[in-house]
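**Student:** My questions all concern the structure below.
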Amino acid sequence: MLGLTECFYRRNFGVICPYCGGTRFIFYFLKLDFVKSFRYHPTSFVFLIFVIISTTVFIVDKIRKKPNRITIKYVVISLSVYLVATIIQYIIRLYLMANNIHNPFIEINI
């Protein structure tokens, strides 16, 4: 579809990887097709929003010469939440694929 090679993880292990759909997520996000982007990898969409907000807050704090509101603790907690959400999403996708269940909100036929 995008002219990319086959996924190494899927080719060698026979199942999708936890970040399956990530490349297509980025492709459609950059084309401003947010709905399709979200369908390919919902947790990355949320993570990208977090990155945009955090970067904006960081830059505003630097411009205003105020103490940084984005702390390491905040970043670690956010990344941990993202990791857990990605694992949950992966488990759901594997379950849906194993049981051949179609979900209109998440693209699993990757």
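**Student:** Within region 14-71, which residues are more than 15 Å from the chain's Cα centre (by Cα) and closer than 20 Å to I88 by Cα?
**Tutor:** Passing the criteria: G14, V15.
**Student:** Looking at region 83-106, can you tell me whether even one residue there is touching a Phe, Trp or Tyr at 6+ places or on another chain (Cβ under 7 Å) and at pLDDT below 80?
**Tutor:** For region 83-106, residues touching a Phe, Trp or Tyr at 6+ places or on another chain (Cβ under 7 Å) and at pLDDT below 80: absent.
**Student:** Return a yes/no flag: does region 79-89 have any residue that is buried (at least 16 other Cβ atoms within 10 Å of the Cβ), more than 22 Å from H102 (Cβ to Cβ), under 16 Å from the mean Cα position of the chain (by Cα) and without any contact (Cβ under 8 Å) to a residue 40 or more places away in the chain.
**Tutor:** yes
**Student:** Can you find a residue that is in contact with a Gly (Cβ under 9 Å, 6 or more places away or on another chain) and either in a helix (DSSP H, G or I) or surrounded by 10 or more Cβ atoms within 10 Å (Cβ to Cβ) (or both) anywhere in region 12-29?
**Tutor:** For region 12-29, residues in contact with a Gly (Cβ under 9 Å, 6 or more places away or on another chain) and either in a helix (DSSP H, G or I) or surrounded by 10 or more Cβ atoms within 10 Å (Cβ to Cβ) (or both): absent.
**Student:** Among the residues of region 33-42, is any closer than 21 Å to Y82 by Cα, part of a loop (DSSP other than H, G, I, E, B) and not hydroxyl-bearing (S, T, Y)?
**Tutor:** yes
**Student:** Find all pairs meeting these conditions: Cβ atoms under 9 angstrom apart; at least six residues apart or on different chains; first residue within region 50-69 and part of a helix (DSSP H, G or I) and modelled with pLDDT under 85; second residue surrounded by 11 or more Cβ atoms within 10 Å (Cβ to Cβ) and among the aromatic types (F, W, Y).
**Tutor:** Here the result reads F50/Y82; S54/Y74, each pair linking region 50-69 to a residue that is surrounded by 11 or more Cβ atoms within 10 Å (Cβ to Cβ) and among the aromatic types (F, W, Y).
**Student:** State yes or no: is Y74 modelled with pLDDT under 80, aromatic (F, W, Y) and within 21 Å of the chain's Cα centre (by Cα)?
**Tutor:** yes
The values are calculated or read from the model by the stated rules, or taken from the named source; none is laboratory data. Remember, predicted model here, so these are calculated numbers, not experimental data. Here the Cβ is made from the backbone with ideal geometry for all residues, glycine too, and neighbour counts use every protein chain on show.
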